[in-house]
């Protein structure tokens, strides 16, 4: 779905989240609603609605009469999120193995073909990662899981894209791990899907510690 197909509040959410993920809005800075209106080309109401959602997801902090703070990321927070994400994603992939409809499975098949592409730009890869997460959660058909896991995945994506160094190597690793999850779901193999989701989580934990080592060396 393109931004033009989304409602205005959703358009604002997607645009602002993308700016945060790629540090077009630098961590630690305060921005105003009017600044974001100018950046997105959208009005005050959709921008305000988007900021409320982003605040609930801990992507921004709203400070009345001061502005909107883009909070910094930290390895410690990422590791705490991954503890919870590990459990929820394992549940999510098992549910997707059982509950995914034929339309969900067709979209997963299309995503597998996209992941098999030889090369991605970092920004293109961001779309495939988010799209894969959304497909799996949609296939689980549990709205409570969707509400619980979306903020964790969003914050984790932000951390990864903020700290990736070797783009080609990391994109290749991530694509392979997401491919394994989708294939297991399409095979309706919950044990393999859970194992693949744990492999992804292990990779993200290792990535976090590597980030910490670079910052302290």
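The values are calculated or read from the model by the stated rules, or taken from the named source; none is laboratory data. Predicted, not measured: the structure shown is a model, and the values here were computed from it. Here Cβ is always computed from backbone atoms with ideal geometry, including for glycine, and neighbour counts include all displayed protein chains.
Confirm whether residue 91 is closer than 19 Å to residue 138 by Cα, part of a helix (DSSP H, G or I) and at pLDDT 95 or above.
yes
Going through the stretch 111-132 one residue at a time, which ones are more than 14 Å from residue 170 (Cα to Cα) and buried (at least 20 other Cβ atoms within 10 Å of the Cβ)?
132, the sole residue that qualifies.
Restricting to the stretch 174-217, what's the tally of residues that are within 18 Å of the chain's Cα centre (by Cα) and outside any helix (DSSP H, G or I)?
Result for the stretch 174-217: 0.
How many residues does the stretch 41-73 hold that are within 16 Å of the chain's Cα centre (by Cα) and part of a loop (DSSP other than H, G, I, E, B)?
Matching residues across the stretch 41-73 total 5.
Just one of the numbered conditions (1) more than 15 Å from residue 208 (Cα to Cα); (2) part of a helix (DSSP H, G or I); (3) without any contact (Cβ under 8 Å) to a residue 24 or more places away in the chain is not true of residue 76; which one?
With (1) more than 15 Å from residue 208 (Cα to Cα); (2) part of a helix (DSSP H, G or I); (3) without any contact (Cβ under 8 Å) to a residue 24 or more places away in the chain applied to residue 76, the lone miss is (1).
Looking at the stretch 139-174 only, could you name the residues that are farther than 22 Å from residue 23 by Cβ and buried (at least 20 other Cβ atoms within 10 Å of the Cβ)?
Of everything in the stretch 139-174, those that are farther than 22 Å from residue 23 by Cβ and buried (at least 20 other Cβ atoms within 10 Å of the Cβ) turn out to be 139, 140, 149.
Hey, can you tell me all the residues within the stretch 79-132 that are in contact (Cβ under 8 Å) with a residue 60 or more places away in the chain and either outside the structural domain of residue 191 (by TED's automatic domain parsing) or under 13 Å from the mean Cα position of the chain (by Cα) (or both)?
81, 82, 85, 89, 123, 126
Give just the number: which of (1) in a helix (DSSP H, G or I); (2) touching a helix residue (DSSP H, G or I) at 6+ places or on another chain (Cβ under 6 Å); (3) free of Cβ contacts under 8 Å to residues at least 24 places away in the same chain does residue 11 not satisfy?
Only one criterion in (1) in a helix (DSSP H, G or I); (2) touching a helix residue (DSSP H, G or I) at 6+ places or on another chain (Cβ under 6 Å); (3) free of Cβ contacts under 8 Å to residues at least 24 places away in the same chain is unmet by residue 11, namely (3).
On the given criteria, is residue 27 touching a strand residue (DSSP E or B) at 6+ places or on another chain (Cβ under 7 Å), surrounded by fewer than 19 Cβ atoms within 10 Å (Cβ to Cβ) and either in contact (Cβ under 8 Å) with a residue 60 or more places away in the chain or farther than 30 Å from residue 188 by Cβ (or both)?
Against the criterion (touching a strand residue (DSSP E or B) at 6+ places or on another chain (Cβ under 7 Å), surrounded by fewer than 19 Cβ atoms within 10 Å (Cβ to Cβ) and either in contact (Cβ under 8 Å) with a residue 60 or more places away in the chain or farther than 30 Å from residue 188 by Cβ (or both)), residue 27 does not qualify.
Does the stretch 153-173 contain at least one residue that is in a helix (DSSP H, G or I), closer than 18 Å to residue 112 by Cβ and touching a helix residue (DSSP H, G or I) at 6+ places or on another chain (Cβ under 7 Å)?
Yes, the conditions are met somewhere in the stretch 153-173.
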